[in-house]
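Undergrad: The structure is given below, and queries will be raised subsequently.
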Amino acid sequence: MVRWRLTTLALAVSLISGSQVRATPLNPILQVGIWQRFGRDPQDRLEVAAPSGSLLTVNFTDSRGQAHSLRTPQVVIGIVNQALAEPETVQRLVLSSHLSFESAEASARQWQAWGALTEIAQPQEWQVWAKRSAYSPEQFPQFLAYAEARGIPGVRIHREERSTVPLLSWQVDGVSYRATGVQIFSDSGTFRTAVRTYAGSVKVQPNAYGTYTVVNHVPLETYLRGVVPHEIGPGAPPAAIAAQAILARTYALKNRHRFAIDGYELCANTHCQVYRGLSETVPAADRAIAETQGQVLTYQGQLIDAVYFSTSGGITAAFEDVWDGDPRPYLRSIMDGINKEPVDLSDSQAFREFLGRRAGFNEAGISSLFRWQIPLTLEAMGDKIRRSRPYLGMKVPDFQGVAGLEILRRSRSGRVQELQVALNTDRGIHTLTLSKDNIRLAFPDLYSTMFDLQRTPQGYTFLGAGFGHGVGFSQYGSYGLARQGWTTAQILNFYYPGTQLVTLTPELVASR
């Protein structure tokens, strides 16, 4: 029995190793955007090199439609901006703007219920667009009139004037090449960039914003090696690392549709999961990935939204406390501590008393952001609102400064649902009401929406708790539970009540 376990673990490790990148129906290839706006700066350079003794295969199609394949140990791809024969105007209709994909997806579904065809994009913040292939600019005024008649804020036309088009450019053996896309494979199954090492292959492809995205094609189990240690931390207890591996696997499979507009699946930052390839891999994380190979969380037979965050501040948030859309039964508010009795923190006094508590929580003494304070002057807040104005999804008039803030509504988990901002304008006071995660879109300094306000002579001090959206799994909370002797399954059941830990099937891999 022991011998069988060791053999099975060794096989699992070989499947996730960089030297044996192997895709199977239960270990599918993921498409991860590791450089999402390549070419935004004309000086951008992508260096790709094979390990010593190996070669790259560079495949591309030139402007005449002729396919090419080159063999070289390394290639450096740059950008050449080619002048257009005639300048062009690119227009798109933005229906809404959001800090998170989750709220953008809920908005897209609402517009679809109203009869519109949509697509979700991320030029900077997340946006919902009227589907470009379905509507011409001549139809945009109909959307604007519809939105105005129903009081829907934030619908706007975005216009860009373009006089050049970026082309990929590189040289091999003294010969120059240009293309609008290229795919690179390494004989060894791994490749190096100037920043780090990756498994699989890399493709540079156009995106929806007039630039390119560098996409790493990598099997799921190998991808996890570049995620788990950077999300949970290399010093986490084994049970917490294993829980993170299961969640990262579930999250990746559930969210493969995020960047459909750009032809890839996931990003490599905190808008998805932090992914750093094969650089800085950790043996403890590799063991957890191998030991949990193929394990995912489901609810009623479907992959869950396996969202997670750093620190809850003592109580997790329900899905609807942070994002728009239908509540998830397994993503509800829970006390993240020894006392599991539910509390109602929607009352300001109850919330202030809760902020004063420091003991009896799973994260206490572990996370430095269990409690925090951030002072902001009125001037600084005004600057932040001006910078975020294009993305807030509401009309923000010209203003001289911020007059004051007021919390209008708070959820039972203590998260601010509505924050009113009073602005000084030429016509008097104008108020904005920021909702849920749009509060952090306006004020990105905030670690969470779980805060109270304290007026100061210069502005306000935000007195807060936790780091991140607060929904689902607390990474530092899992440290505390694991140190108390909780198993991986117990930790997952604590943060996602009612879910089932199962082994992947082809049907689950194919689901979204």
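Undergrad: Does ALA380 meet the test of being loosely packed, with under 14 Cβ neighbours inside 10 Å and farther than 17 Å from PHE467 by Cα? Before the answer, list the steps.
TA: Values: loosely packed, with under 14 Cβ neighbours inside 10 Å: no; farther than 17 Å from PHE467 by Cα: yes.
Considered against the rule, which asks whether it is loosely packed, with under 14 Cβ neighbours inside 10 Å and farther than 17 Å from PHE467 by Cα, ALA380 comes out as no.
Undergrad: If you don't mind, there's one more thing I want to ask. Taking segment 228-263 as the search range and keeping residues that are polar (S, T, N, Q) and part of a helix (DSSP H, G or I), which one is surrounded by the fewest Cβ atoms within 10 Å (Cβ to Cβ)?
TA: Let us first name the residues in segment 228-263 that are polar (S, T, N, Q), namely 244, 250, 255.
Subset that is part of a helix (DSSP H, G or I): 244, 250.
Values: GLN244: 29, THR250: 24.
Across segment 228-263, the extreme among qualifying residues is THR250.
Undergrad: Going by the structure shown, is ALA489 part of a helix (DSSP H, G or I), open to solvent by 50 Å² or more (accessible area, probe 1.4 Å) and either closer than 15 Å to ILE241 by Cβ or free of Cβ contacts under 8 Å to residues at least 60 places away in the same chain (or both)?
TA: On the way: part of a helix (DSSP H, G or I): yes; open to solvent by 50 Å² or more (accessible area, probe 1.4 Å): yes; either closer than 15 Å to ILE241 by Cβ or free of Cβ contacts under 8 Å to residues at least 60 places away in the same chain (or both): yes.
Criteria met by ALA489.
Undergrad: Is it fair to say THR213 is in contact with a helix residue (DSSP H, G or I) (Cβ under 7 Å, 6 or more places away or on another chain) and within 30 Å of ARG389 (Cβ to Cβ)? Break it down stepwise before answering.
TA: Details: in contact with a helix residue (DSSP H, G or I) (Cβ under 7 Å, 6 or more places away or on another chain): yes; within 30 Å of ARG389 (Cβ to Cβ): yes.
In short, yes.
Yes/no per residue for (1) in contact with a Leu (Cβ under 7 Å, 6 or more places away or on another chain); (2) closer than 30 Å to GLY294 by Cα; (3) assigned to a loop (DSSP other than H, G, I, E, B):
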| residue | (1), (2), (3) |
| --- | --- |
| VAL165 | yes, no, no |
| TYR177 | no, no, no |
| GLN183 | no, yes, no |
| SER188 | no, yes, yes |
| ALA194 | no, no, yes |
| VAL202 | no, yes, no |
| GLY210 | no, no, yes |
| ASN216 | no, yes, no |
| LEU224 | no, yes, no |
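Undergrad: Ok, one more. Given the criteria under 23 Å from the mean Cα position of the chain (by Cα), under 27 Å from VAL402 (Cα atoms) and among the aromatic types (Phe, Trp, Tyr), does TRP372 qualify? Show your work before the answer.
TA: On the way: under 23 Å from the mean Cα position of the chain (by Cα): no; under 27 Å from VAL402 (Cα atoms): yes; among the aromatic types (Phe, Trp, Tyr): yes.
So TRP372 fails the test.
Undergrad: While we're on this one: Across segment 349-377, which residue is most open to solvent (accessible area, probe 1.4 Å) among those that are assigned to a helix (DSSP H, G or I) and touching a Lys or Arg at 6+ places or on another chain (Cβ under 9 Å)?
TA: Taking segment 349-377 as the starting set, the residues that turn out to be assigned to a helix (DSSP H, G or I) are 349-355.
Adding the requirement that they be touching a Lys or Arg at 6+ places or on another chain (Cβ under 9 Å) leaves 351, 355.
Values: PHE351: 0, LEU355: 20 Å².
The qualifying residue most open to solvent (accessible area, probe 1.4 Å) is LEU355.
Undergrad: For segment 288-304, what are the residues that are open to solvent by less than 30 Å² (accessible area, probe 1.4 Å) and assigned to a loop (DSSP other than H, G, I, E, B)?
TA: Taking segment 288-304 as the starting set, the residues that turn out to be open to solvent by less than 30 Å² (accessible area, probe 1.4 Å) are 288-290, 292, 294, 296-298, 303-304.
Within segment 288-304, THR292, GLY294, ILE304 meet the criteria.
Undergrad: Then there's this: Among the residues in segment 447-468, are any open to solvent by 20 Å² or more (accessible area, probe 1.4 Å), among the small types (Gly, Ala, Ser) and out of contact with any helix residue (DSSP H, G or I) (no Cβ under 9 Å at 6 or more places or on another chain)?
TA: No; the residues of segment 447-468 include none that is open to solvent by 20 Å² or more (accessible area, probe 1.4 Å), among the small types (Gly, Ala, Ser) and out of contact with any helix residue (DSSP H, G or I) (no Cβ under 9 Å at 6 or more places or on another chain).
Undergrad: Take the residues in segment 411-424 that are among the polar types (S, T, N, Q) and surrounded by 15 or more Cβ atoms within 10 Å (Cβ to Cβ); name whichever of them is nearest to the chain's Cα centre (by Cα). Spell out how you get there, then give the answer.
TA: Going through segment 411-424, the residues among the polar types (S, T, N, Q) turn out to be 411, 413, 417, 420, 424.
Then drop every residue that is not surrounded by 15 or more Cβ atoms within 10 Å (Cβ to Cβ), which leaves 411, 413, 417, 424.
Numbers: SER411: 24, SER413: 23, GLN417: 21, ASN424: 35 Å.
Result: GLN417.
The values are calculated or read from the model by the stated rules, or taken from the named source; none is laboratory data. Bear in mind that the values here come from a model prediction, so they are computed numbers and not experimental data. Neighbour counts run over all protein chains shown; Cβ positions are idealised from the backbone, glycine included. All accessible areas refer to the heavy atoms of the entire protein, side chains included, with ligands and DNA or RNA removed. Shrake-Rupley method; radii C 1.70, N 1.55, O 1.52, S 1.80 Å.
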